[in-house]
Amino acid sequence: MLQIEQLNQYYGESHTLWDIELQVPAGQCTALMGRNGVGKTTLLSCIMGHQAIASGSILLQDQPLHKLAVEKRAALGVGYVPQGRQIFPLLTVRENLEIGLKSGRKKQQAIPELIFELFPVLHEMLNRRGGDLSGGQQQQLAIGRALVLDPQLLILDEPTEGIQPNIVQEIGDIIQRLKSELGMTILLVEQKLKFVRAIADRFAILDRGRAMASGDIDTLNENLIREYLTV
């Protein structure tokens, strides 16, 4: 589904991503892991077009994603839930969701019922401002907004950060459902090992801007955790 080859990225004179190789198979959840500050969010920004790459390629089903404008990537079916959620606090839940209607693959006229099936609380709070929701509800809104695009690839940047445990469990269940029932491909940046082991099929580890290890989730062993994931 998503294939990244020999990707390099710079901030000014600083070389931040080095020859990154990453495979995200269709219909699976791939967890991108690593300590804080190693380049995970920067890599997601490159995939979404918010950061330019210096060299290499980003392919979505063999189509060169890195050559497209930001808005064209959403239209191809790439949904993005950024770290910190970044909902519009002064807009209502309805207005936050409706923003994506014309940007996705199907150019839908109304919010899909699937969103309210997955997140009933959003239906109950349609007319409430986004900024008045709890942190967990805002995270559900951010995921719902991405799903309005009808994505074939959903990218989640630390969706469990600062979220109460019951909502974390709900998010995990929803990711599993998106994979099993809709065949959606998930790229997940996450720090919680228990959460990753429960929902991910594959993992990739970044360290200091380099891809250091990858494989099936069952091969994420204690040596890798100790070397690249613990503080």
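How many angstrom lie between the Cα centre of the range 145-196 and the Cα centre of the range 1-48?
That distance is 18 Å.
Give me D for the range 1-43 in µm² s⁻¹, whole number, from Stokes-Einstein with Rh from the Kirkwood sum over alpha-carbon pairs, 37 °C and 0.692 mPa s.
283 µm²/s
Can you run phi through the Karplus equation (6.51, -1.76, 1.60; θ = phi - 60°) for the range 184-200 and list ³J(HN,Hα) in whole Hz, with x for Gly and Pro?
6, 9, 10, 10, 10, 8, 7, 9, 7, 5, 4, 5, 4, 4, 6, 10, 8
At a threshold of 8 angstrom on Cα-Cα distance, excluding pairs fewer than six apart, so keeping six or more, what relative contact order does the chain reach in percent? Show your work: numbers first, answer last.
Values: 448 pairs, mean separation 66.9, N = 231.
Answer for the chain is 29 percent.
Ordered by residue, what ³J(HN,Hα) values in Hz, to whole numbers, does the range 13-19 give under the Karplus form 6.51 cos²θ - 1.76 cosθ + 1.60, where θ = phi - 60° and Gly and Pro are x?
8, 8, 8, 9, 10, 10, 6
Roughly how large, in nm² to one decimal, is the mean projection of the convex hull of the alpha-carbon atoms in the range 14-131?
9.2 nm²
Quick one: if the Förster radius is 30 Å, what FRET efficiency do GLU117 and GLN86 give, using the C-beta to C-beta distance and rounding to 0.05?
Here the calculated transfer efficiency is 0.80.
Sorted from largest down, what three extents in whole angstroms do the Cα atoms of the range 50-187 have along their principal axes?
Here the spans come out as 43, 30, 29 Å, largest first.
Could you tell me the relative contact order of the range 1-135? Use alpha-carbon pairs under 8 Å, at least six residues apart, and round to a whole percent.
21 percent
Positive end of the dipole of the chain, charges at C-beta (+1 Lys, Arg; -1 Asp, Glu), about the Cα centre: which of HIS15, PHE195, LEU224 has its Cα farthest in that direction?
Toward the positive end, the furthest listed residue is HIS15.
Cα convex hull of the range 124-214: how many Å³ per residue?
126 Å³
For a protection proxy built on the mean count of beta-carbon atoms within 10 angstrom, sort 62-68, 127-133, 18-24 highest first, please.
Values: 62-68: 13.4, 127-133: 15.3, 18-24: 17.1.
Highest-to-lowest ranking by the protection proxy: 18-24, 127-133, 62-68.
Rounded to a whole number of µm²/s, how large is the Stokes-Einstein D of the range 98-144 at 10 °C and 1.306 mPa s, given Rh as the Kirkwood radius over C-alpha pairs?
Numbers: Rh = 11.3 Å.
Rounded, D is 140 µm²/s.
For the chain, place one equal point scatterer on every Cα, skip the solvent, and apply the Debye formula. What is log10 of I(q)/I(0) at q = 0.12 Å⁻¹?
-0.64
With 27 Å as the limit, write out which pairs from LYS67/LYS192; LYS72/LYS179; LYS40/LYS72 have Cα-Cα distances beyond it, or answer none.
LYS67/LYS192
Apply the Debye scattering formula to the range 124-173, with a single equal point scatterer on each alpha-carbon and no solvent, then give log10 I(q)/I(0) at q = 0.14, 0.30 Å⁻¹.
Relative scattering, expressed as log10 I(q)/I(0), comes to -0.37, -1.25.
Can you list the residues, at least 5 places off or on another chain, whose amide H is less than 5 Å from the amide H of MET184, using H built in the peptide plane?
Those lying under 5 Å, H to H, from MET184 are LYS179.
Any read-out appearing in this document is the output of simple, stated calculations on the displayed coordinates, not a laboratory observation. These numbers were taken from a predicted model, which means no experiment stands behind them. Don't worry about glycine lacking a Cβ; one is built from the backbone with ideal geometry, like all the others, and counts go over all protein chains shown.
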